[in-house]
1. Given axes a ≥ b ≥ c from the Cα gyration tensor, I'd like to know whether region 275-394 is rounded (a/c under 1.5), prolate (a/b larger than b/c) or oblate.
2. Hey, how much of the P(r) for region 220-318 falls beyond 17 Å, as a percent of Cα pairs?
3. Please compute the Kirkwood hydrodynamic radius over region 1-81, one decimal place, Å, based on all pairs of different Cα atoms.
4. If the label point is 7 Å along Cα→Cβ of residue 174, which residues in region 673-693 have backbone nitrogen under 14 Å from it?
5. For each pair in 97/483; 323/371; 323/469; 159/542; 255/286, compute the distance between the two Cα atoms and list the pairs where it is over 24 Å.
6. Please list, in order along region 553-558, the HN-Hα scalar couplings obtained from phi with the Karplus expression 6.51 cos²θ - 1.76 cosθ + 1.60 (θ = phi - 60°), rounded to whole Hz, x for Gly and Pro.
7. Obtain the radius of gyration and the Kirkwood radius of region 529-568 from its C-alpha atoms and give Rg over Rh.
8. Tell me, what is the per residue accessible area of the chain in Å², probe radius 1.4 Å?
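The values are calculated or read from the model by the stated rules, or taken from the named source; none is laboratory data. Computed from a predicted structure; not experimentally measured. Don't worry about glycine lacking a Cβ; one is built from the backbone with ideal geometry, like all the others, and counts go over all protein chains shown. Protein only, heavy atoms only, side chains kept; ligands, DNA and RNA dropped before computing areas. Shrake-Rupley method; radii C 1.70, N 1.55, O 1.52, S 1.80 Å.
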Amino acid sequence: MDIRTLKGVGEKTAALFEKLHVYTAEELVSYYPRDYEQFSDPVPLEQAPVEEITAVEGRLSGNVATRHVRGLSITTFEVSCEGGRLHMTYFNMPYLKNSLKRGQPYIFRGCLHRRKDRYVMEQARIYKPEEYGKLTDCMQPRYATTKGLTNNAITKAVKQAIGLVDLSEDPLPERIRAAEGFPSFRESVEQMHFPTGRESLLAARRRLVFDEFFRFILTLRRMRESNERMKSARPMIEVAQTERLIEALPYRLTKAQQKVWAEIRADLTSEYAMNRLVQGDVGSGKTILAFLSLIMCAANGFQGAMMAPTEVLARQHYESLQKLNKEHSLQLHPVLLTGSVTAKDRREIYAKIESGEADIVIGTHALIQEKVAYKSLSLVITDEQHRFGVRQRETLAEKGGIRPEVESTVSEPGDTTVGARDVSPQKESAVHVLVMSATPIPRTLAIILYGDLQISVLDELPADRLPIKNCVVNTSYRNTAYKFIEKEVAQGRQVYVICPMVEEGEEQELEDVASYAKKLRSAVSSSVRIETLHGRMRPAEKARIMEAFEAHHIDVLVSTTVIEVGINVPNATVMLVENAERFGLAQLHQLRGRVGRGDKQSYCIFISKSERPETMERLKILNESNDGFYIAGKDLALRGPGDLFGIRQSGDLQFTLGDIYRDAAVLQSASEWADRVLAEDAALSGEEYAALKRSLTLQGTNEVDFRSI
């Protein structure tokens, strides 16, 4: 059902929804709020909680003044409230001077700060008392918005969509719903958007998170059944080139690297295909292990491919491998294949791959396009690509000239058995697959999430790596931070600034990339080169900016979390994270990994708008350690099932609702149920699993829908 069928959604509004990747009414129903607002009654100023969102009633007690500082308008005024005076500040809102009337009561709702001897609010929302009264004691959904599309417009469209989309079929079997005490699917969706209370919201969210994890794990279990019995396409033998390179490196491999390399080497020489995940913090040395694996593959006369998440990182890998190739006379013939390669060069690269002249192929998803034909592909390495699934592996196996013989369990047309295939170990063979990840997931969760992969952990950093210096501060430190940034830039260093939002929206307490870049330009020297980066940019534009930053044509990059993976700039020594309280510890650690990659001292500044003791205590865990696994474990221990508000999802293994840290108990429960169901009915052929089977498969086929996981 096209979203334009909704009343009030025309071409222009539909285009705005497309920016949010919402094209149909069904997708809109699954576009859940990112947060909720609870409008409590206004309180006297002296009773209002500091460093929390609160509402106070007051009247203007003086004139509204606006001044301009380097292109930024700053509007200020005083409000007289019960219990004291409140100082108000607004940025780029000069119209307030004409819209606010002295003597008239208003409700001001925002984060209350105590600065020296006065109360302060910045960018607070302003309501007339009668407007505010309609909102009290309700939980109002807040959706991720885009410029031109308000939260109110999304809310109205969602209400329509819920009334039109058929939500009557519940994919979860009745016995699981009863045992877990879950509400129905329809009730869960309705409560997720428009909760009648906190408890009903938590129950709905738990149900929908369970659904996500359950479907994901069911699919993983089916993948594991197949992969564990796959013969290796081309078993390898150990080669001298890898050991000679290890001896010649200007550094010694850590004990953890040596252990993991031994595990990879054993996999490559085994008769069965490797399916291994290597987990390790940024800087733990995953890339050299990937290169050793590719060298071993090429030395055996086969082809290896390495797939990176961005063109910039793919090119960096290619250049690093070429440097090793030249310095150590490895006689490799690598090629770089990305979407931006010209048509002429692409044809030449295709020919080299097909003939076998190219023994190592490094690139992005361009590696698995239809026109790419490999001669003897035997190893595929994916960097931060957690959802590299069965279909892609089979596609690559066929590109390597392997034609698996598969015994299908499909007995008649239209059978939609999940993963309907019975793989015989004598009949099917596969390429080796190695997945590299810097996401620090505790082993107990990793075993569930990566059920189809063997897991290796790099839990040791090189001895010469300088630990990052961290500080957790409030917004009053911001000007000091700007001076520090200027000082580092003056010394030839580079800086990342991370904001949680792309552009100014209705969540006025959150910093956004576009506004922040303007604010920063007005606060630092005009000689500092500042650029922005975010996920809504076109891929070519993102690549251009990342390459410019890498080449040091940009000093400060103001970005969203899009830089979490995919860029390696050793010259970047400072990271400033705004609204740090809105991120999970694991994601903050992942972001921090973008600095400290060179031989200079690096720094990470976490600025929190909330000064609540528990918030600051949580963030200060980042001061205790630079060990991602320790931090992930702490993150897991700190989050509870009721910790729903104000924390963004962590890491780059993203689900629509589920968070593997916050929802670890639900993940464990979903894993146990998946094992129980598959033990009883592996094909999900029973009547009680009919709706579940339909939700797991592509319409009209017997293929699992990997797009949704």
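1. The shape class here is rounded.
2. 58 percent
3. When all Cα pairs of region 1-81 are included, the Kirkwood radius is 17.4 Å.
4. It comes to 687-691, nothing else.
5. Correct reply: 97/483; 323/371; 323/469; 159/542.
6. Coupling constants for region 553-558: 8, 10, 8, 10, 10, 8 Hz.
7. So for region 529-568, dividing Rg by the Kirkwood Rh gives 0.90.
8. So the chain comes to 43 Å² accessible per residue, rounded to a whole number.
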